[in-house]
There are 2 protein chains.
Amino acid sequence: MTPGADGQSPRRRGRPSRTARTDGPDARTRILEAARTEFAERGYDKTSVRGIARAADVDAALVHHYFGTKDEVFAAAIEVSFEPALVVPAILGGSSEDVGERLARYFIGVWENPASRAPLLAILRSALTHEAAAKVLRGFVLRRLLERIAEGLDVPDPTFRAELAASHMIGIAILRYVIRAEPLASADPEKIIAMVAPTLQRYLSDR
Amino acid sequence: MTPGADGQSPRRRGRPSRTARTDGPDARTRILEAARTEFAERGYDKTSVRGIARAADVDAALVHHYFGTKDEVFAAAIEVSFEPALVVPAILGGSSEDVGERLARYFIGVWENPASRAPLLAILRSALTHEAAAKVLRGFVLRRLLERIAEGLDVPDPTFRAELAASHMIGIAILRYVIRAEPLASADPEKIIAMVAPTLQRYLSDR
């Protein structure tokens, strides 16, 4: 959604406005959506809590209340793309023989969807060019996503293995969606999943 | 072959300066070193042929003579990091049962060496943020490195498979050297090679 495109209330800078939409069941969601859009369109360093608040049509204090600092909003914006709390149990919960395929299918699905791809690319770009963003991704990747996956694995060095799996998915995203190297860029997602699933399977289950 | 690298037909843009060090056995090498440093330190868009010439202490016309446009200097600067003409035969020339390990060892070796890592990181950053750089990498990755590897493979979809292998190496480089996600960032290179070699082996030999 375009920032402020709903046209419901004027944007104010400076002191909290009484006209800004305040707390409510969807204020948190609106802030996260605005954060994803702002980080995707402006990059990490040009995005501010104030700008996110403006785009979400809330007061900046509410952004701080829900998320804290800019880095914490950034981490939450990454998390909303991956939904680890929902996804990790779904990936690890089924038969251990198909965990590689489920992980490959999940990652390719996230990247194939333009709505989640744009913010993820922005995050990756930011992390490659700004240490602050790299630090957030390092913390997020480790603590939230990979370690949750690693906890459910019955292999030696589970975090190391989860990182190798993640590295492959990140590299595919870069070659396919950013550099657009053919034939990978135009390959059927199912063909990629079929080739990559056994790799992830070996990393995550040693089989 | 790099345009103009045969040295047969000089391109002239502006008149060569008499004060700059001119052509010689090491002028080409000096230009490439300067280009790697300039692209690494300034990024793709802030690097100019004129700046590279200044850093190499040659006239800009000589840079054009050897390499052509800025994009062609960029491609040559990537190539000098990978040395595909030397490396591809060495990787593909030995026993086909160890091709995965040789490729893993070669890539990790290139990235472990700070002298080649810095320009490669700069290239990756540039390609993620500038379409012009992505286009060069796309052309280089495809035409020079991956297709040379693919030509030597006896598998279906060799370029697709070579790209999957490359994507894994790129992703490992990003997680290990840029984001520095632990434990991958501190892992012994031999441990990474041991885990990744069977993946590359399957992609490149179907075994």
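Going by what's in this entry, would A:ASP23 be described as modelled with pLDDT under 75 and either loosely packed, with under 15 Cβ neighbours inside 10 Å or within 18 Å of A:PRO119 (Cα to Cα) (or both)? Talk me through it step by step, then tell me what you get.
Numbers: modelled with pLDDT under 75: yes; either loosely packed, with under 15 Cβ neighbours inside 10 Å or within 18 Å of A:PRO119 (Cα to Cα) (or both): yes.
Yes, satisfied.
Could you please find all residues in segment B:159-199 being among the acidic types (Asp, Glu) and surrounded by 23 or more Cβ atoms within 10 Å (Cβ to Cβ)? Write out each step before concluding.
Within segment B:159-199, the first condition is being among the acidic types (Asp, Glu), and the residues that meet it are B:163, B:182, B:188, B:190.
Listed by number, the list holds a single entry, B:GLU163.
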Checking A:ALA133 against (1) within 16 Å of A:VAL87 (Cβ to Cβ); (2) touching a Ser or Thr at 6+ places or on another chain (Cβ under 7 Å); (3) within 10 Å of chain B (Cβ to nearest Cβ), which test does it fail?
(1)
All positions within segment A:162-179 that are charged (D, E, K, R) and farther than 18 Å from B:ILE192 by Cβ:
A:ARG176
So which residues in segment A:170-207 are at the interface with chain B (Cβ under 7 Å from one of its Cβ atoms) and under 20 Å from the mean Cα position of the chain (by Cα), if there are any at all?
A:ILE170, A:GLY171, A:ILE172, A:ILE174, A:LEU175, A:VAL178, A:ILE179
What are the pairs with Cβ atoms under 7 angstrom where one residue, in segment A:27-44, is closer than 18 Å to A:PRO114 by Cβ and the other, located anywhere, is aromatic (Phe, Trp, Tyr) and part of a helix (DSSP H, G or I)? Sequence gap at least six, or different chains.
A:PHE39/A:PHE74
Residue that is nearest to the chain's Cα centre (by Cα) [pool: residues in segment B:112-122 that are within 14 Å of another protein chain (Cβ to nearest Cβ) and hydrophobic (A, V, I, L, M, F, W, C)]:
B:LEU120
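Results for (1) in contact with a Gly (Cβ under 6 Å, 6 or more places away or on another chain); (2) under 22 Å from B:GLN201 (Cα atoms); (3) assigned by TED's automatic domain parsing to the domain that holds A:ARG36, shown as yes or no for each residue.
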position: A:VAL110; (1), (2), (3): no, no, no
position: A:PRO156; (1), (2), (3): no, yes, no
position: A:ILE170; (1), (2), (3): yes, yes, no
position: A:ALA187; (1), (2), (3): no, yes, no
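Give segment B:63-110 a look and list any residue that's small (Gly, Ala, Ser) and either touching a Phe, Trp or Tyr at 6+ places or on another chain (Cβ under 6 Å) or at pLDDT 85 or above (or both), or say none. I'd like the intermediate steps shown before the answer.
As a first pass, look at segment B:63-110 and keep what is small (Gly, Ala, Ser): B:68, B:75-77, B:81, B:85, B:90, B:93-96, B:100, B:104, B:109.
Correct list: B:GLY68, B:ALA75, B:ALA76, B:ALA77, B:GLY100, B:ALA104, B:GLY109.
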Would you pick out the residues in segment A:142-153 that are more than 7 Å from chain B (Cβ to nearest Cβ) and not β-branched (Val, Ile, Thr)?
A:ARG143, A:ARG144, A:LEU145, A:LEU146, A:GLU147, A:ARG148, A:ALA150, A:GLU151, A:GLY152, A:LEU153
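Per-residue answers, yes or no, for (1) touching a strand residue (DSSP E or B) at 6+ places or on another chain (Cβ under 9 Å); (2) in contact (Cβ under 8 Å) with a residue 24 or more places away in the chain; (3) on the phi < 0 side of the Ramachandran plot; (4) among the small types (Gly, Ala, Ser):
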residue: A:ALA118; (1), (2), (3), (4): no, yes, yes, yes
residue: A:ALA132; (1), (2), (3), (4): no, yes, yes, yes
residue: A:VAL136; (1), (2), (3), (4): no, yes, yes, no
residue: A:ALA150; (1), (2), (3), (4): no, no, yes, yes
residue: A:GLU163; (1), (2), (3), (4): no, no, yes, no
residue: A:SER167; (1), (2), (3), (4): no, no, yes, yes
residue: A:GLU182; (1), (2), (3), (4): no, no, yes, no
residue: A:PRO189; (1), (2), (3), (4): no, yes, yes, no
Being buried (at least 16 other Cβ atoms within 10 Å of the Cβ), within 14 Å of chain B (Cβ to nearest Cβ) and of a type outside the set (A, V, I, L, M, F, W, C) narrows it down to one of A:ARG125, A:ARG102, so name that one.
A:ARG125
Output the number of the condition that B:PRO156 fails; it satisfies all remaining conditions of (1) more than 14 Å from chain A (Cβ to nearest Cβ); (2) surrounded by fewer than 21 Cβ atoms within 10 Å (Cβ to Cβ); (3) modelled with pLDDT of 85 or more.
(1)
Looking for something crowded, with 19+ Cβ neighbours inside 10 Å, outside any helix (DSSP H, G or I) and among the acidic types (Asp, Glu) - is there at least one such residue anywhere in segment A:57-78?
yes
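The values are calculated or read from the model by the stated rules, or taken from the named source; none is laboratory data. Predicted model only: the values in this text are computed from it and were never measured. All Cβ positions, glycine included, derive from the backbone under ideal geometry; neighbour counts span all protein chains shown.
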